[in-house]
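What follows is a short report on a single structure.
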């Protein structure tokens with residue numbers, strides 16, 4: 001009887017070895033799939049973080065260009081005659097507002113590479129792929145004939161005119177693919 005039990009035990013052990021090998025291979029396959037999936041997820045998250053960083057750099061560059069354009073206007077526009085430099089052709093980045101139906105200046109081809117926009121003087125170093133640029137459109141003058149809403153502590157009498165401008169700034173991030181376009185409306189009290 002001992003001989004029969006030993007024979008059955010050896011057969012059962014041989015079957016179990018095959019099953020253990022199969023289960024080990026299936027577990028190895030599952031672990032490989034989980035590992036590959038984790039690597040792909042990490043790679044995707046790294047790309048997303050890099051793109052977010054580039055977009056943030058582009059936004060900050062465009063914001064600095066907006067501030068530079070505002071400083072330019074404050075330094076160079078003090079009277080209505082100073083707005084004569086704004087032309088429909090956009091010389092040196094100074095534009096008259098487009099007529100209805102005409103394309104806006106910021107949509108024109110090569111507007112951000114030529115002399116029709118201004119390179120912002122802010123030093124961005126080697127952080128961004130291209131320096132930020134801006135263009136300024138003169139929207140017109142708003143007359144305030146005794147308008148009480150335009151009284152300020154600095155100007156207790158009604159202000160004669162407010163020159164209105166639209167500033168469009170373009171910033172590029174760490175790669176040329178990350179671009180941000182910002183606009184602001186800016187008014188200056190003029191004589």
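Each value in this text was obtained by applying a stated rule to the coordinates, not by laboratory testing. What you are looking at is a predicted structure, and each value in this text was computed from that prediction instead of being measured. All Cβ positions, glycine included, derive from the backbone under ideal geometry; neighbour counts span all protein chains shown.
Protection proxy ranking of 37-46, 118-127, by the mean of other Cβ atoms within 10 Å over each peptide's residues and highest first, is 118-127, 37-46.
The distance separating the Cα centre of the stretch 41-101 from that of the stretch 109-138 comes to 7 Å. Could you tell me whether the stretch 64-114 comes out rounded, prolate or oblate from its Cα gyration tensor? Rule is a ≥ b ≥ c as square roots of the eigenvalues, rounded for a/c under 1.5, then prolate if a/b exceeds b/c, otherwise oblate. Oblate shape, in that a/c is at least 1.5 and b/c is the bigger or equal ratio. Each label point was placed 7 Å from the Cα along the Cα-to-Cβ direction; for residue 71 and residue 45 their separation is 4.0 nm.
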